[in-house]
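The values are calculated or read from the model by the stated rules, or taken from the named source; none is laboratory data. Nothing here was measured: the structure is a model prediction, and the numbers come from that model. Positions of Cβ are generated from backbone atoms using ideal geometry, with glycine treated the same way; all protein chains shown enter the neighbour counts.
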Ligand code: FPP
């Protein structure tokens with residue numbers, strides 16, 4: 001199928017939660033003889049396209065991996081630019097986010113984030129908290145392992161205070177200690193830029209996610225590419241550990257053994 005054709009998406013069977021690892025900004029810029037930061041700037045336009053398209057289609061939750069816990073180790077000017085882009089995104093998109101009834105949540109550790117970005121993001125999270133048409137989760141200073149460690153620490157703290165019994169620790173309890181508390185599990189994980197790995201993104205939540213890898217570099221990622229990923233997702237059979245026969249029986253409304 002040609003990349004720019006319009007893949008068929010069944011709007012009645014959308015993934016409830018789409019996550020995106022937006023990779024390839026640096027290579028995109030280098031290929032044009034430009035600084036990596038230019039790639040991030042153009043990548044921010046792709047962010048806007050994808051948020052709008054998901055909202056239009058009716059995707060319930062979209063999580064964007066904007067900056068990982070490990071990205072703090074990047075060159076200082078690149079980190080600064082990424083923080084500026086996030087700030088600009090919040091300021092420029094604020095109106096549209098509210099008009100389109102989008103709830104913004106943050107996943108990650110805000111302590112290291114510059115105060116202006118932190119305050120703006122907190123303000124948007126607060127202002128949009130009652131919006132219901134879509135949730136946009138910004139994973140910023142986020143790491144999947146860090147999130148699991150934090151959850152374990154919180155649960156251990158409650159146990160130490162006698163407020164949690166070991167036997168009461170189950171999946172629901174651990175899930176509720178994650179940043180993503182209340183959000184659906186990840187259904188579709190898209191990674192652009194040609195690498196085929198998860199890179200510490202939503203480790204707990206992606207247990208049964210369908211993975212979609214594309215060589216398209218993030219600044220080039222268009223709505224047609226998003227539709228292609230969702231159309232591909234809709235062709236997969238998700239078994240959640242069961243057999244095909246069991247799923248067939250379930251669909252036919254019979255009990256399975
Ligand atoms: C990975 O590409 C991308 C990032 C670390 C940052 C993603 C940020 C944006 C798309 C812009 C700002 C975000 C928002 C939400 C407004 P890379 O630099 O690792 O690319 P490379 O693999 O080609 O080097």
> Within the stretch 62-76, restricting attention to residues that are more than 8 Å from the ligand (Cβ to nearest atom) and in contact with a helix residue (DSSP H, G or I) (Cβ under 8 Å, 6 or more places away or on another chain), which residue is farthest from residue 138 (Cα to Cα)?
Replying inline: 72
> Which residue out of 9, 50, 59, 105 is modelled with pLDDT of 95 or more and within 12 Å of the ligand (Cβ to nearest atom)?
Replying inline: 50
> Which of the residues spanning the stretch 61-72 are crowded, with 17+ Cβ neighbours inside 10 Å and over 14 Å from the mean Cα position of the chain (by Cα)?
Replying inline: 69
> Out of the residues in the stretch 122-142 that are touching a residue at least 40 places away in the same chain (Cβ under 8 Å) and either under 14 Å from residue 111 (Cα atoms) or within 12 Å of the ligand (Cβ to nearest atom) (or both), which is farthest from the chain's Cα centre (by Cα)?
Replying inline: 141
>> Against the condition at pLDDT 95 or above, surrounded by fewer than 19 Cβ atoms within 10 Å (Cβ to Cβ), in contact with a helix residue (DSSP H, G or I) (Cβ under 8 Å, 6 or more places away or on another chain) and outside any loop (DSSP other than H, G, I, E, B), how does residue 88 come out, does it pass?
In response: yes
> Across the stretch 228-245, what is the number of residues that are surrounded by 11 or more Cβ atoms within 10 Å (Cβ to Cβ) and modelled with pLDDT under 90?
Replying inline: 3
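Results for (1) within 16 Å of the chain's Cα centre (by Cα); (2) within 29 Å of residue 100 (Cα to Cα), shown as yes or no for each residue.
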site	(1), (2)
22	yes, yes
27	no, no
32	no, no
36	no, no
40	no, yes
43	yes, yes
49	yes, yes
55	yes, yes
59	yes, yes
> Just one of 230, 198 is in contact with a strand residue (DSSP E or B) (Cβ under 9 Å, 6 or more places away or on another chain), in a loop (DSSP other than H, G, I, E, B), touching a residue at least 40 places away in the same chain (Cβ under 8 Å) and more than 27 Å from residue 120 (Cα to Cα); which is it?
Replying inline: 198
>> Based on this model, can you work out whether residue 100 counts as at pLDDT below 95 and touching a helix residue (DSSP H, G or I) at 6+ places or on another chain (Cβ under 6 Å)?
In response: no
>> Can you tell me which of (1) within 13 Å of the ligand (Cβ to nearest atom); (2) in contact (Cβ under 8 Å) with a residue 40 or more places away in the chain; (3) on the phi < 0 side of the Ramachandran plot is the one residue 24 doesn't meet?
In response: (3)
> Does any residue in the stretch 234-250 that is at positive phi and touching a residue at least 12 places away in the same chain (Cβ under 8 Å) come within less than 9 Å, Cβ to Cβ, of a residue that is loosely packed, with under 12 Cβ neighbours inside 10 Å and part of a helix (DSSP H, G or I) six or more places away or on a different chain, and which pairs are these?
Replying inline: none
> For the stretch 204-227, what are the residues that are exposed (fewer than 15 other Cβ atoms within 10 Å of the Cβ) and touching a residue at least 24 places away in the same chain (Cβ under 8 Å)?
Replying inline: 208
> Of the residues 51, 18, which single one is touching a strand residue (DSSP E or B) at 6+ places or on another chain (Cβ under 7 Å), in contact (Cβ under 8 Å) with a residue 24 or more places away in the chain, farther than 17 Å from residue 215 by Cα and in a helix (DSSP H, G or I)?
Replying inline: 51
> Can you name the number of the only condition in (1) more than 9 Å from the ligand (Cβ to nearest atom); (2) in a helix (DSSP H, G or I); (3) within 20 Å of residue 200 (Cβ to Cβ) that residue 43 fails?
Replying inline: (1)
>> Whether any residue in the stretch 146-158 is assigned to a strand (DSSP E or B) and closer than 30 Å to residue 219 by Cα is what I want to check.
In response: no
